[in-house]
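The values are calculated or read from the model by the stated rules, or taken from the named source; none is laboratory data. No experiment lies behind these values; they were computed from the predicted model shown. Counting neighbours? That spans all protein chains shown, and the Cβs are built from the backbone with ideal geometry, glycine included. Each accessible area value is taken on the protein alone, full model and side chains, heavy atoms only, with ligands, DNA and RNA left out. Shrake-Rupley method; radii C 1.70, N 1.55, O 1.52, S 1.80 Å.
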Amino acid sequence: MGRAPGPGESRWTPEDTALAVEWQRLRNETCGGCGQPLEQSLDTYALYEVHDLVCHGCEAKELREKAMAENANSSTAGRKVSVSYAGRREPVPSLTPSAGG
């Protein structure tokens, strides 16, 4: 992907260089742990909301890796677990009655 530089051409265009410099500037101004701007996150009086999310792709992958590691008959040497989206399942019907009935 990308462009193939011609003879005598630089691998990086001026635009490539400008984008790389801007990307690095943004990384330098962002906390590597939470991803928030350091200008805000280092402020003692800053308030943050925290949201607990579950990536179900990572969940499925980690459960498979755990099961493989616990299986004494299975070699995990060189084995990688791949995740691919397989669609949606139907939600479980609610056990609480609906407001209308």
Compute the length gained on full extension between L53 and T17: take 0.36 nm times their separation in residues and subtract their Cα-Cα distance, giving the result in nm to one decimal. 9.4 nm
Tell me the carbon and sulfur percent of the accessible area for the chain, rounded to whole percent, probe radius 1.4 Å. 55 percent
Under a 5 Å amide H to amide H cut-off, with H placed in plane at 1.01 Å, what residues pair with T30 once short-range neighbours are removed? L38
Rolling a 1.4 angstrom probe over the protein chains, ignoring ligands and nucleic acids, what is the accessible area of L53 in square angstrom, nearest 10? 140 Å²
Enter the angle in degrees (range 0 to 90, nearest 10) between the Cα long axis of helix 14-28 and the first principal axis of the Cα atoms of the chain, meaning the one along which they spread out most. 50 degrees
Cα shape, the chain, gyration tensor, a/c 1.5 rule: oblate
Using the per-residue mean of other Cβ atoms lying within 10 Å as a proxy for protection, in what order, highest first, do the peptides 29-41, 70-82 fall? 29-41, 70-82
For the chain, dividing by residue count, accessible area per residue (probe 1.4 Å) in Å² works out to 99 Å²
Residue order for D16, D52 - accessible surface, 1.4 angstrom probe, largest first: D52, D16
